[in-house]
Structures are given as C-alpha cells and as structure tokens.
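The structure under discussion appears below in the form of structure tokens.
Read the figures in this text as sums done on the coordinates, not as results from a lab. Please read all numbers here as calculations on a predicted model, not as lab measurements. We place every Cβ from the backbone using ideal geometry, glycine too, and count neighbours over all the protein chains shown.
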C-alpha cells in the first residue's frame, strides 16, 4: 500500500468525503476523533459507515480514525469502520493500546496505522510495536497533542521542530523501521504555506519517512511530489542495479567514479519501489 499522502476528512461531512476522493491522496482518513465534536460522534459513525458501504470501488484506500481506546468508544467506532480498508488509532501507547485493539483487528481481518508519541508516556512504549507488526501498516506521531501534553508553548520554530519534538519524530522513525512497517511523518499545520510544506516533506523523505499526513487538499500535490523519486534518482537507481546484475557475486563496484556496495543496492531497489 503506497502511502505518500494521507488526507484527514471529517467523519460528519459526507460532502467533503466525496470531494476528497478526487484530490489524489494515496489514502483518505475518515476522522471520528478530533474533527468531530463529542455530541456529533454518533451521527458521524453512521455517516462514515454509510459512505464506506456505498464506496465499493475506491480510487484510494479508506482509513477510519477511531477515538483513543481509553475513552471507551472502541466497539462503536470499529462497528462504523467495518467496511474500511484499514484503521487509524490515535494516542497509541504501546502494548496497552494494542491489547485492546488487536482482537478487533484480527476478527475484522484489518490492519492499523498508529499515531503514537501524542502523549509523554507513549515515548517509552515505542519498542512494543515490533511485537504486533503483523497487525500494523505503519506508525506516525502527533506533535500538536504532545505539545499540550508537555506544556510547550510551540513545537516548531521557522517551520522546523524544536529539539524535544525532533527527538520523538526520530524515535517514531526508528520504531517503524524496527518493526518493519511504514514510517509516516506528522502533519504540517500551516496549510497555506506550501513552500514550507515542500521543504518539510523533502526533509521527511531524506530522513527515511515514506509518507506524510495532510490536513488540507492543497497539500496533497506537494506531498506526493516530495515522496516521488525524480527521474534522475530513478535512472541512477537503475544504473546501480544494472551494475550489480552485470557483476553477480561482487560485493562492491565502481560507478561514475564512486564506490557502491550492498547498502547502495538496497537503496536503489527501495527508490524504484517508491517510484511505483
């Protein structure tokens, strides 16, 4: 499942869900959590369930973000997500969260993408997810909720995360790769700042993230472009693979005046996979 861009859509706005199908996101997240007021959640569940049931042909996978498991809404939320392609679980805190959600995922034959590091306690549970990798698609993180959790007045300066939030971003990246699932970077809240978004998304791909969350349709083309290898990257990757194919059993080669070895080959293969 290619997840360069994942767009949040309020679960109580069927008109926006319908419109979002055409914006080019790799996945849509029908949101039952933050985008829906508490009194509107029952109605939103019905709207999400009806939308999913009607969309038997989908241009992109449809995720449903349920509410945090400690709020006691898992049964109702998962019932509304019966026809979803996958589940998103917010405010995940390692084994404690997975032990609640795993029975539902297994019974429904679905996988989840978790938003972790939204609470201080979550930072210390990141190693748990490797134990549940068969149930997971990926890991992301949430800087806005974490800022509230630690009492930070801001989590970015000039568009770049401050050191505490750089730390949890990095830990989430390592946890995802350690579990063998997709690392997905968090949202860029300034949705009118497309230049800043392009720079942020470019850094995310450089660092090893495979995609990013989005809060506005205008962000989708920018994110998709950032996480799509350029023609030059693709040609270079093909050249590396061809060089090794032409020299079977050789561990290191010279290409364009530089030495290449097995890590370069693996990166080239990953580049072609990212290019689709």
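One table, with the values for the structure above:
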quantity	calculated
Choice from 17, 47, 73 showing the highest fluctuation, given a GNM over the chain with Cα pairs closer than 10 Å	73
Linear extension gain, residue 203 paired with residue 258, 0.36 nm per residue minus alpha-carbon span	17.4 nm
Förster-model FRET efficiency, 22 Å R0, residue 130 and residue 75, C-beta, rounded to 0.05	0.20
Least to most buried among 271, 153 (fewest other Cβ within 10 Å first)	153, 271
Selected from 140, 170, 40 as most flexible by GNM, with the chain as the system and alpha-carbon contacts under 10 Å	40
Computed E for residue 102/residue 170 - FRET, C-beta separation, R0 35 angstrom, nearest 0.05	0.85
Segment 147-193-segment 231-276 distance, computed between alpha-carbon centres (Å)	31 Å
In degrees, nearest ten, helix 194-207 long axis to first principal axis of the chain (Cα)	60 degrees
Highest-first arrangement of 85-94, 211-220, 171-180, where packing means the average Cβ count within 10 Å	85-94, 211-220, 171-180
Label-point separation in nm, residue 195 to residue 40, each point 7 Å along Cα→Cβ	3.4 nm
Dimensions (Å) - the chain, Cα atoms, principal axes, largest first	64, 44, 39
Bridge type composition, the chain - antiparallel percent by DSSP, nearest 5	20 percent
Ordering of 260-269, 154-163 by packing [mean C-beta count within 10 Å, highest first]	260-269, 154-163
Alpha-carbon centroid distance for the pair segment 3-37 / segment 87-120, whole angstrom	19 Å
